[in-house]
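Here, each number is a calculation from the coordinates, and none is a lab measurement. Everything numeric here is computed off the predicted structure, so don't read it as measured data. Cβ atoms come from the backbone with ideal geometry, glycine included; neighbour counts cover every protein chain shown.
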């Protein structure tokens, strides 16, 4: 899909000026998380849903409310469509949002999406009025099917969650982008800023990352790097890069002719 | 009577079947930022004052934590 260079990111009915979606997972404490979130410039951040600790809340929602960052609940930990649908409905109740990052993983070792359960859950949640952002494999066919079910975005992985292996199949990401009519968000696998930039250069509309920032030695600094990486990649994508050439092509004028 | 609240056995004081809102308040749970499932079904906030909790009910109360 073609987009203007200064256009906001639009997912469902929501509009964002930042194209970096941060996850909150992995931060050592809320203070470090706050600094990283602010440095990232993000306007949307993921949270998970777990049993209430009766001894006191985590203060996470208060923090996000204070920072004015919208919440994207995930269905992390779900292995079946039924579990994911229930978790999404609970998240909608708890957080009063129709947005959901739909995750249905096949096993703990790879945390790769289970495509069959994922598609089933996506259909049910779209029917139930959710704005569904599915975490998916870097499979152009599955991405197309998710879009056809009515998902508001598709979020292919660069590499497995938490690995920091970057984008293992850039061509697949390009193919997903080429066919998609909804925003493509590169989700999972980003390790450093150049990889976030690459995702945008490949045509992604946004990048979603958590571990790369929250588990970096200096999360605040890495969040800044990721923000700049996303901005640089987006600008480069829309600046019209030069074609690749086999041989050199001088950028200085030809030398003046020597003495006759 | 006994219910299972977030996986743990929980004694409900008094007679009869209390409404969900009462059970949550008695357990000291916050009113905002939580969602409740009873026996695997979401109970919308709007029904908390009518939904009766019966003996042996499995009540799950969830909130947002860091993740993803």
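Quick notes on this one:
- Members of region B:23-45 that are surrounded by fewer than 17 Cβ atoms within 10 Å (Cβ to Cβ), farther than 26 Å from residue A:59 by Cβ and more than 10 Å from chain A (Cβ to nearest Cβ): B:39
- Unmet criterion (only one of (1) farther than 21 Å from residue A:133 by Cβ; (2) assigned to a helix (DSSP H, G or I); (3) in contact with a helix residue (DSSP H, G or I) (Cβ under 6 Å, 6 or more places away or on another chain)) for residue A:62: (3)
- Scanning region A:71-83 for residues that are more than 10 Å from chain B (Cβ to nearest Cβ) and crowded, with 17+ Cβ neighbours inside 10 Å yields A:78, A:81.
- Residue A:51, sole failed condition from (1) surrounded by fewer than 18 Cβ atoms within 10 Å (Cβ to Cβ); (2) under 22 Å from the mean Cα position of the chain (by Cα): (2)
- Which listed residue, of A:111, A:86, A:90, is over 15 Å from residue A:153 (Cα atoms), touching a residue at least 24 places away in the same chain (Cβ under 8 Å), assigned to a helix (DSSP H, G or I) and within 12 Å of chain B (Cβ to nearest Cβ): A:90
- Residues that are touching a helix residue (DSSP H, G or I) at 6+ places or on another chain (Cβ under 6 Å) and facing chain A (nearest Cβ under 7 Å) within region B:49-62 comprise just one, B:62.
- Taking the conditions (1) surrounded by 17 or more Cβ atoms within 10 Å (Cβ to Cβ); (2) touching a helix residue (DSSP H, G or I) at 6+ places or on another chain (Cβ under 7 Å); (3) not in a loop (DSSP other than H, G, I, E, B) in turn, residue A:194 satisfies each one other than (1).
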